[in-house]
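K.L.:
Let me begin by handing over the structure; questions about it come next.
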Amino acid sequence: MTRDEFADLALACLGEVTAFARRLTPGGADADDLIQSTYERAFATWSTLRERRACRAWLFQIARHLHVDRLRAVKARPELRLIDDDDAIPAVATMAADAIERLDAREIDAALSHLDEAQREAVLLCDVWGFAYDEIAGITGVPIGTVRSRIARGRVAIAGWLADAASADGKGRRRP
């Protein structure tokens, strides 16, 4: 594969990698930095990509590794943040199908933000970008059983948060 062929493959995935980065990071500037770093790394090491069809997963893996590295650096320099009691996620909850259909992207993103990093990442890779469990295990570098556990627990936590949000005004919709 030539560098130009790789560029075409990588740039075809830019939208998905951008969406993934925006959901992994707290702000727009952080996501932009992650996207830029991902593509810088990809173009610096493009010749190591063995299979053309693996390009998408490879880019997601690079983005994830860069994000984890950044989190580790931030953890080494923690900052003090206040949290509300409302941030707690209920252990188990269910939601009616019609309530789920009325959700908008803002509410789903808010629910995702309540998950811990590992669960959010696994749920995003599975339910938003459609990666199989074994592909997620390869991207994240964790055993497939851990991937399954993170996805299951993440889904339960999201359902709980969304159910609470939907019942906040008694109409199945969360108040803005």
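K.L.:
So residue 144 ticks every box in (1) modelled with pLDDT under 80; (2) hydrophobic (A, V, I, L, M, F, W, C); (3) more than 14 Å from the chain's Cα centre (by Cα) but one. Which box is left unticked?
P.N.:
The single condition residue 144 does not satisfy is (1).
K.L.:
Here is a further query. Output the residue which, of all residues in region 20-42 that are hydrophobic (A, V, I, L, M, F, W, C) and over 14 Å from residue 61 (Cα atoms), is nearest to the chain's Cα centre (by Cα).
P.N.:
Looking at residues that are hydrophobic (A, V, I, L, M, F, W, C) and over 14 Å from residue 61 (Cα atoms), I get 31.
K.L.:
For the list (1) in a loop (DSSP other than H, G, I, E, B); (2) modelled with pLDDT of 90 or more; (3) basic (Lys, Arg), I need the number of the one condition that residue 174 fails.
P.N.:
Failing condition for residue 174: (2).
K.L.:
What number of residues within region 24-77 are in a loop (DSSP other than H, G, I, E, B) and within 15 Å of residue 117 (Cα to Cα)?
P.N.:
Here the count works out to 3.
K.L.:
Quick one: is residue 63 touching a residue at least 24 places away in the same chain (Cβ under 8 Å), out of contact with any strand residue (DSSP E or B) (no Cβ under 7 Å at 6 or more places or on another chain), among the small types (Gly, Ala, Ser) and buried (at least 19 other Cβ atoms within 10 Å of the Cβ)?
P.N.:
It is true that residue 63 is touching a residue at least 24 places away in the same chain (Cβ under 8 Å), out of contact with any strand residue (DSSP E or B) (no Cβ under 7 Å at 6 or more places or on another chain), among the small types (Gly, Ala, Ser) and buried (at least 19 other Cβ atoms within 10 Å of the Cβ).
K.L.:
Of (1) at pLDDT 90 or above; (2) surrounded by 12 or more Cβ atoms within 10 Å (Cβ to Cβ), residue 49 satisfies all except one. Which?
P.N.:
Condition (1) is where residue 49 drops out.
The values are calculated or read from the model by the stated rules, or taken from the named source; none is laboratory data. Predicted, not measured: the structure shown is a model, and the values here were computed from it. All Cβ positions, even for glycine, are placed from backbone atoms using ideal geometry, and neighbour counts span all protein chains on display.
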